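In what follows, a structure is listed as structure tokens, so that the remarks can point back to it.
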Amino acid sequence: MSVFGDKTARLGLRSFRAKFVLVVGSAVLFDLLVTGGLALWNVQRLSRDAAAEVGRGLEEASQDYIQSYVETTAARVNLLLDQVHSDVGTLAGVLQAQIDRPLRESQIGEAMSRGAPGTVTVTYNEKGGWAQNLPGPLSVVSVWGYLLDSNHVPLPEVQTDIENSAVLDLVAPSLLANGQSKLQMYYIGPKERPIFRTAPYTDQAQTFDRLYPGHNQAEFWSFFFPGLYESWEEWARDPASRPVSNDVTQTAPYTDAITGKLIVSFFQPLWSRDRSRVAGAAGTDITLDQLAEIVENVRVASTGFGFLTMSDGNVVAINPVGEKVIGLVSSSAAGGEGVTGLDRSLRRSVQPEIAQLPLGEDGLLRHIHLDEQGEKVPYLVVMKQLKPTNLWVSGPVRRETMMLGIVVPEREIYASLFAAQAGISQATNRILIYQILALLVSLCFVIMAVFAISKRITGGISALANAAKRIQAMDYSVRVDIPSRDEVGAAGAAFNRMAEQISYHTENLEQLVEDRTKEIEDANLQISALNQQLRSENLRLGAELAVARQIQMMVLPKAGELEEIPDLEIAAYMRPADEVGGDYYDVLKNGTRLKIGIGDVTGHGLESGVLMLMVQSVARALQEAGEMDPPQFLNRLNRAIYKNLVRTSTDKHLSLAFLDYDGARLTLSGQHEELIVVRDLGQVERIDTLDLGLPIGLEPDISSFVATREISFGRGDMIVLHTDGVTEAENRSGELFGIERLCESARRRYGGSAEDVKTGIIDDLMAHIGTQKIHDDITLVVMRHR
């Protein structure tokens, strides 16, 4: 019988051990697999994050490089155009001086006639029906048939223009030889006598006869440049009608009649002495090659290229390879006018994403795909606006802003990115292999360790199981003896302590319940007393804050006081961020003198509100004491506040500025936020107060820092005072309201009453803030001179 019992016990132990090995081994295996899987996942994630971070850095660097490149190239194009503008402006200046000083004009004309008769003597051409000077002079002058009398001699006023325009021979050669290369420079007379003088000398009229039949009987300006002269006449009537505030007018590219090249002309109109009429024009031509050379020499990476386009998408400069890549279709459109333009529009590109590029967006950077032999290849496009100019294209002159674009394949600009990503991918694969090997080795080691310690652990666990059964049978005297110094041994010791505690608590249970009940009752009484004390304290604090807020609002200027001020409308708004605010504004009246103050105590809440009340009281006392000098007023106020801050050990100070107004002068003193002045026609002036004072309460004596500034304040002018709670108010995106929005809000409401302006600005501010919490006190004062 004992042999059978021993055998059964051994079978039970082997069964428990098998279960232990199975459960622990499975748990450890699961843990290793989960841990290893997480490690592998983290490695892969780290690889992706590293590749993404490197990619972002390289992408930003590449894009910054392209942006910088396009801006540099745009600057070169702008420089070329500026040089041409300067040259045509110089010629126009000489010719305009002739017009403005008739005596000198006639003297120079007579001198040129005597010294170089070929420049002012024209010969009639029977075949063409026009007159032109013979070769020899530096310039050619053409006189059309309707400017000749019955004897084929220029009309008297036409001959005067011929002689006076001969000054071109003195100026044009030097301008052509220096500065930006120019094809030719010329003078064209006014609409009623449009003689055409051009340097250098060419067979001008003969070329026009060949290319533009009928031009000799047509009015010159309307035939060749319809709408251009009329636009200038409108400028003479209304200078503000210029699309761009510059007299120089540029044409779109067209085919030159003389050279056959694509050129761009630059005109500057000349004006009568009283500037009421157009008196002709000075002009110059440059070839499109000069603009195209800058653009076509763009080299970004291996095959990147540039192009120059008008605002309507007409590409005026691009190299042949680039033209093919972006799918441009070229054609020449000839109209009834005397010029033939170039038409090569992005909008007609065979590449859909090029045709849909948004034009007019400065600094555009876009990823696009271009079709190359049936494959979509990613490209990067960057576009930059050039300086705006007045442009003529067969009609009224309009504003034109050409754009410079750069196109580069992404595979070239991001080559380093792809290499870095490939390197990271290879390193990740190596780490994954090492992780898997380490996981397998760990798994084998753990399985061996489980089998090794399972026998030792099961003995202690069996002893604990038997002891637990005796505890269940209410035998609290049971103890276990597990000699091992491991977790099972610690469990045995803990079991013994637990058995002792169960025995003790069982014997003393009723006394323990009574003690705990009494402790709970005492704790409840203490909690009730604390709650009552807390409610009383909250009521007292709320009452104190309400009184402080009431006092603060009581000392503010009343609407009735503000309405009694002659010649001025004053409207104010103040909203504390807490129950008590730290913003200050006041309007102090002493006879005919006003002192308008605005300030902002650091922080907000009760301490800031008390300091605000100190400032109001001291300011009122100083005014009543007759202190009128602005610097002395601020210095004495600062001394009083500084001493109070020292006494109360308060680490506070405030920005503070005052406006002194005596009905004629407005004087600003003290350091605070910018002063905004809105004048006639909505002109906004921002006045910085940084150099007019020092924050109040920082130093005992600020007399050396205080300065004043006189401000013009006439009828209709409006002044806006504010604290930083206005400009630093945030919306849900964290974007500040800002000084620019404040100025624009005030400018749009110029002309309304001070109250309307104040209400409108506050409406704009609250719309900007939306549902966001207001973090700082908001104060706004609007003062309008009736």
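The values are calculated or read from the model by the stated rules, or taken from the named source; none is laboratory data. Since the model is a prediction, treat every value here as computed from it, not as a measurement. Glycine gets a Cβ as well: all are built from the backbone with ideal geometry, and neighbour counts include every protein chain shown.
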Quick one: E607 ticks every box in (1) surrounded by fewer than 17 Cβ atoms within 10 Å (Cβ to Cβ); (2) part of a helix (DSSP H, G or I) except a single one, so which number is it?
-> (1)
Only unsatisfied item for G136, checking (1) on the phi > 0 side of the Ramachandran plot; (2) within 54 Å of the chain's Cα centre (by Cα), is (2)
Note on region 582-607: residues in contact with a Phe, Trp or Tyr (Cβ under 8 Å, 6 or more places away or on another chain) and among the charged types (D, E, K, R) are R593, K595, D600
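Among the listed residues A111, A131, which satisfies the condition of being on the phi < 0 side of the Ramachandran plot and at pLDDT 95 or above?
On the way: A111 fails: at pLDDT 95 or above.
When all the criteria are applied, what remains is A131.
Here is a yes/no grid of residues against (1) farther than 29 Å from I318 by Cβ; (2) touching a strand residue (DSSP E or B) at 6+ places or on another chain (Cβ under 7 Å); (3) not assigned by TED's automatic domain parsing to the domain that holds I195:
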{"residue": "Q217", "(1), (2), (3)": "yes, no, no"}
{"residue": "F224", "(1), (2), (3)": "no, no, no"}
{"residue": "S231", "(1), (2), (3)": "yes, no, no"}
{"residue": "E234", "(1), (2), (3)": "yes, no, no"}
{"residue": "R242", "(1), (2), (3)": "yes, yes, no"}
{"residue": "D256", "(1), (2), (3)": "no, yes, no"}
{"residue": "L270", "(1), (2), (3)": "yes, yes, no"}
{"residue": "G280", "(1), (2), (3)": "yes, yes, no"}
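Which of the residues spanning region 284-318 are of a type in the set (D, E) and in a strand (DSSP E or B)?
Start the filter on region 284-318 by keeping residues that are of a type in the set (D, E), which leaves 285, 289, 293, 296, 312.
Of everything in region 284-318, just one residue is of a type in the set (D, E) and in a strand (DSSP E or B), namely D285.
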Identify, by number, the condition in (1) modelled with pLDDT of 75 or more; (2) surrounded by 14 or more Cβ atoms within 10 Å (Cβ to Cβ); (3) of a type in the set (S, T, N, Q) that S47 doesn't meet.
-> (1)
Does region 165-178 include one or more residues that are assigned to a helix (DSSP H, G or I), of a type outside the set (A, V, I, L, M, F, W, C) and buried (at least 18 other Cβ atoms within 10 Å of the Cβ)?
-> yes
Would you confirm whether any residue within region 4-19 is among the polar types (S, T, N, Q), at pLDDT below 75 and closer than 30 Å to I406 by Cβ?
-> no
